[in-house]
Amino acid sequence: MRILNRSASFALVMAATLTAAVAWADNASPVGLWRNIDDARGKPRALIRITETNGALQGKVEKVFLAPGESPTCAKCEGALRNAPVVGLVILSGLKKDGGDYTGGQILDPDCGKIYSSKISLTDGGRKLDVRGFVGVSLLGRSQTWVRQE
């Protein structure tokens with residue numbers, strides 16, 4: 001009977017170790033669901049799903065949290081994106097791993113319709129994502145911190 005208890009204990013320890021390793025691996029990549037915060041209001045703005053295809057990341061809006069009077073479309077976007085629904089819109093694209101960061105991509109700001117160069121990096125053990133949009137050099141831009149959703 002005592003051997004069974006030791007075997008059961010060992011199995012539980014192994015299961016916990018494997019579960020922790022899988023959870024850590026998930027947080028080692030920006031792939032997943034993220035919540036961004038509105039810079040002006042300090043409230044949740046959208047949920048963005050980041051996926052990876054052929055080594056490049058892209059982020060698509062899954063849900064928006066609109067303030068009263070806000071449009072659910074990209075009214076200020078140009079070309080084919082003009083008046084496109086924000087939900088389903090790819091706002092982050094072309095990011096590739098570069099050391100600890102992901103660089104070389106673009107980010108669309110649906111509020112102003114502009115596209116910026118972008119880079120991202122994981123922080124806080126993979127629970128947060130620093131997202132930077134900029135023109136030309138990274139110093140000329142702004143950053144947001146997105147929070148991973150479970």
If you go through region 83-91 one residue at a time, do you hit one that is over 20 Å from the mean Cα position of the chain (by Cα) and either assigned by TED's automatic domain parsing to the domain that holds residue 144 or among the polar types (S, T, N, Q) (or both)?
yes
Members of region 95-125 found to be under 18 Å from residue 81 (Cα atoms) and not in a strand (DSSP E or B), listed by number:
110, 111, 112, 113
Over region 90-142, the set of residues touching a helix residue (DSSP H, G or I) at 6+ places or on another chain (Cβ under 7 Å) and either surrounded by 15 or more Cβ atoms within 10 Å (Cβ to Cβ) or among the aliphatic types (A, V, I, L, M) (or both) is 126
Flag for residue 77 being assigned to a loop (DSSP other than H, G, I, E, B) and at pLDDT 95 or above
yes
Of everything in region 39-65 that's over 25 Å from residue 141 (Cβ atoms) and either in contact with a Leu (Cβ under 9 Å, 6 or more places away or on another chain) or of a type outside the set (Val, Ile, Thr) (or both), which residue is surrounded by the fewest Cβ atoms within 10 Å (Cβ to Cβ)?
54
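The values are calculated or read from the model by the stated rules, or taken from the named source; none is laboratory data. Note that the structure is a prediction, hence the values are computed from the model and not measured. Every residue, glycine as well, gets a Cβ built from its backbone with ideal geometry; the counts of neighbours run over all protein chains shown.
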